[in-house]
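The values are calculated or read from the model by the stated rules, or taken from the named source; none is laboratory data. The shown structure was predicted, so the numbers you read here are calculated from the model rather than taken from an experiment. Cβ placement follows ideal geometry from the backbone for every residue including glycine, while neighbour counts extend to all protein chains displayed.
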Amino acid sequence: MNPNSHKKYCVEVKGMSDDLSIQTKTHIDFYSLCRGFNVIDPAHAHGLKKLIMPGDRGVKNFAKDMSEGINSILDYAYHLDPKIYEEVLEKIGHRE
């Protein structure tokens, strides 16, 4: 993958080979991560992006991105199952 594609959504990831003998590094972008975990719904991906990279994209601050990410995930949950959505809101003490 080209580390310059979607640069603001790309990070260097360091790790070790399976046998721990070689330190490795690679670049991964958010969209590749979503494909790898079969995140195909845009609302789901949008919420995850805001939660994984809050304030890192230069548009909104950390708190605003976190709030919008949580709201996107809740909207996605509602789309999947309105009853579960209501249970989640009840557990977190959602106030209108």
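Within the bounds of region 12-23, is there any residue that is surrounded by 15 or more Cβ atoms within 10 Å (Cβ to Cβ) and either in contact (Cβ under 8 Å) with a residue 12 or more places away in the chain or in the same structural domain as residue 85 (by TED's automatic domain parsing) (or both)? Checking region 12-23: not a single residue is surrounded by 15 or more Cβ atoms within 10 Å (Cβ to Cβ) and either in contact (Cβ under 8 Å) with a residue 12 or more places away in the chain or in the same structural domain as residue 85 (by TED's automatic domain parsing) (or both). Restricting attention to region 26-40, and to residues there that are polar (S, T, N, Q) and not in a helix (DSSP H, G or I), which single residue is surrounded by the fewest Cβ atoms within 10 Å (Cβ to Cβ)? Step by step, filter region 26-40, then rank; the result is 38. Across region 41-85, the qualifying residues are those that are in a helix (DSSP H, G or I) and at pLDDT below 85, and the one among them that is nearest to residue 10 (Cα to Cα) is 85. Residues in region 36-85 that are on the phi > 0 side of the Ramachandran plot and more than 15 Å from the chain's Cα centre (by Cα): 58 only. If the condition is being outside any helix (DSSP H, G or I) and at negative phi, then region 86-96 contributes 94, 95, 96.
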